[in-house]
Amino acid sequence: MERGGAEKAAEMEWPAYLNEYEKLVIRMNNPRVVIDNAVCPTATLVKVDSARKHGILLEAVQVLTDLNLSVKKAYISSDGRWFMDVFHVTDQFGRKLADDSVISYIEQSLDTEDHGLRRSCAEEGLATLELTGADRPGLLSEVFAVLADLGCGVVEAKVWTHNGRMACLVSVKDERSGSPTDADARRIHHIESRLRHVLKCDHGVCGARTAVSSMAVAHTDRRLHQMMFADRDYDRTSPSPPSVSVQNWVERGYSVVTVQCRDRPKLLFDIVCTLTDMEYVVFHGTIDTDGDLAHQEFYVRHKDGSPVSSEAERQRVIQCLQAAIERRSSEGVRLELRIEDKPGLLSEVTRTFRENSLLVTRAEVSTKGDMASNVFYVTDAAGRPADPKAIDAVRLRIGPDCLTVKEELRPQFRRKAAAADDDQGGGGVGIGLFYLGNLFRRNLYNLGLIKSCS
């Protein structure tokens, strides 16, 4: 099954006031999307052709990521003015896409200018709180306790921690009336003041930051990356960082960014998001997976057309990409809570974690109707694997039928990639440049523009 292209062109009805030139401009600026289930036996191919603009690759990846689709292979190619991508995608169970509604959503999302925008919290009468500060045991419990005390009902929240820092996005409404929390400027100031006091860094390393906005957050994960980047969580290197290298291909004016690490959901989004927000443009790239090992290679330039120009810049790109990969790779036990929502629920749950010496390293909170569906990743207070007895005590307190243990995350990164680099010598530089020699032919082959890549 192949959809898109001529079929969509035939369906399109142009307004009578458009002349042929205006129609051509619209065709050139709107992406052409083809979804093909026939070519590959194990994955659905999503092909995107578009006029190049900064961030277009991220927009395409974001749409696929928001549907919880896995990208096991991808080929990215650009001639500087035109952008062509092929993504090999599967659903979360490793199967080809069979749901027509999902396929239609991908086509419609990539065919419009509003790529992957989430629903607006502002339109629902919600205020969005942005919180960053030094992480510590019990911090999340204190944040939710303050919100409960101020009568703020938490509708959605996402929390990331990395390198001793915490970033949190919380969408709230008035618990009693359900009216917008941002309607009262004095109350907003009071909320910010209370939260800033909770987040205040005792060690003076980096101050806490709070913001309250009624504006829509276009994409929460991207915003969390931006918040942690602004908080400079990448300044500290973890003991076992993922393998990232940056080398210049002087003859062609590209910087070659190579990433090898354990594969996981949303890995491609995290890398492309970081490169985009650091104002690098991806011109060519390949994404491949071998078992649970991901290999991603990108040929980039800065927005001004220059490659990475100094050792300091090279190290900064490496550190920022390593941090982006690690932020979503928190270790710990995954606990899923599904329970009837009530005022102060999150304050009660996170207080129970704190009382049993459990540290929340990552969390996702959502409510639909009267039900709360929350996910927490927890370790002990020192970041080590949580004591099963503590987990049992928490489940007994909250309700064993409501709070379930889903999985214990393995160590963030295997040293397989680093060992491979060591075996080949030179940190993989030679491989990257040799691989580069065949990149364009391989991309043209996978894009269907030539019959052989040999």
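The values are calculated or read from the model by the stated rules, or taken from the named source; none is laboratory data. Since the model is a prediction, treat every value here as computed from it, not as a measurement. Positions of Cβ are backbone-derived with ideal geometry, glycine not excepted, and every protein chain shown enters the neighbour counts. Accessible surface is based on the protein model in full, side chains and every heavy atom, while ligands, DNA and RNA are left aside. Shrake-Rupley method; radii C 1.70, N 1.55, O 1.52, S 1.80 Å.
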Rounded to the nearest 10 Å², what accessible area does Y105 have for a 1.4 Å probe in the complete protein model?
90 Å²
Charged-residue dipole, Cβ positions (Lys, Arg, Asp, Glu), region 223-299 about Cα centre, Debye nearest 20:
140 debye
In µm²/s, what is D for region 270-348 at 10 °C and 1.306 mPa s, where D = kT/(6 pi eta Rh) by Stokes-Einstein and Rh is the Kirkwood radius from Cα pairs?
100 µm²/s
Take E340 and H54, extend 7 Å from each Cα along the Cα→Cβ direction, and tell me the distance between the two endpoints in nm.
5.2 nm
For E331, E59, what's the largest-to-smallest order of accessible area, 1.4 Å probe?
E331, E59
Cα-projected label distance for S373 with A98, points at 7 Å along beta-carbon direction, nm:
2.1 nm
Each label sits 7 Å from Cα toward the beta-carbon; between H197 and D380 the label points are separated, in nm, by 3.4 nm
Set K72/K368; K47/K96; K158/K368; K73/K96; K200/K342, cut-off 23 Å on Cα-Cα distance; pairs above it are K72/K368; K200/K342
Just to make sure I understand: if all protein chains stay in place, what is the order of R196, R81, R232 by accessible area at 1.4 Å, largest first?
R81, R232, R196
Identify the residues of region 322-357 with backbone N under 11 Å of a label point that sits 7 angstrom from the Cα of K406 along the Cα-to-Cβ direction, or state none.
334-338
If you count only protein heavy atoms and use a 1.4 Å probe, how large is the accessible surface of F283, to the nearest 10 Å²?
30 Å²
